[in-house]
Amino acid sequence: MSDLILVQRDGPVATVTLNRPDKLNALTKPMWTRLGAVMEELSAEDALRCVVLRGAGGRAFSPGNDISEFETDRSNPEQAKAYGEILHRSLTALKTCRHPTVALIEGICVGGGLEIAALCDIRICGLSSRFGVPIKRLGLVMAYPEIDGLRRLVGRATTLEILLEGRIFDAEEALAKGLVNRVVPDGEVEAEATASAKRIAEGAPLVARWHKAFLERLEDPRPLSEAESDEGYLCYATEDFQIGYRSFLDKKKPEFKGR
């Protein structure tokens, strides 16, 4: 099972690869199980600064779930709920990852693949990438935890358009809808995503984690508590703040410690 989800490291950047290229990285229950565990493990690592997610083979990020499993693992509500618990754990692990996440999208990014990409912080794709959620053709719905990432990313109206029409659309339309941050020539996707991850990793890691946490908290309509408001000033007590402003004054590149 571990070879279905690969993890490679380049300093403070980890790359997580959906590794089923012969099936365009169609997702199976073992893949969802492993993906959730991997993301939980990476999130706990203090030395990590960015996670890149991609599909193997260059032809697809992922077309979603392997349809052949519906006969064996999702043929009734009870099986579907058990499967959903595994899937939702993985989506939650992606959503709550402390580190910034970058989706490196080549080719097809559909259904469950789009659910994964939507939960990443930055999405970079190639001109030939294709997107959509055509599950209406299967008589399926997106459960609450699955639809939430898409809704938060592009809003209710666009989410409904994607789900009700079930169209597969191109990268330029995905950019216009806000599904992706950047579209580049197909041969430059890996280089652009790698450069993005490097830029993120060069920043103060505590700051990146705080910014993610602050934006997540602002999704909650409750007023901020005094302690939550005060958290916006804790960065001034960090070693990284001292490194950052002194490096700026000295016109040197900062080397942050994550402390």
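The values are calculated or read from the model by the stated rules, or taken from the named source; none is laboratory data. The structure presented is a predicted model; accordingly, all values stated were derived computationally and were not measured. Reconstructed Cβ throughout: ideal geometry from the backbone, glycine too, with neighbour counts over all protein chains shown.
In the set Gly155, Gly203, Gly149, Gly166, only one residue is over 25 Å from Ala93 (Cβ atoms) and of a type in the set (Gly, Ala, Ser); that residue is Gly166.
Residues in region 115-156 that are over 23 Å from Ala191 (Cα atoms), small (Gly, Ala, Ser) and touching a helix residue (DSSP H, G or I) at 6+ places or on another chain (Cβ under 8 Å): Gly132, Ala143, Gly149. Tallying residues that are of a type in the set (D, E, K, R) and over 26 Å from Ala44 (Cβ atoms) within region 202-259 yields 7. Exactly one residue out of Glu40, Glu45 is part of a loop (DSSP other than H, G, I, E, B) and closer than 30 Å to Glu188 by Cα, and it is Glu45.
Matching residues to (1) out of contact with any Asp or Glu (no Cβ under 7 Å at 6 or more places or on another chain); (2) surrounded by 13 or more Cβ atoms within 10 Å (Cβ to Cβ):
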residue	(1), (2)
Gly203	yes, yes
Leu206	no, yes
Glu216	yes, no
Arg222	yes, no
Ser225	yes, no
Gly232	yes, no
Thr238	yes, yes
Tyr245	yes, no
Pro254	yes, yes
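Does Ser62 qualify as being surrounded by fewer than 17 Cβ atoms within 10 Å (Cβ to Cβ), among the polar types (S, T, N, Q) and assigned by TED's automatic domain parsing to the domain that holds Lys177? No, not satisfied.
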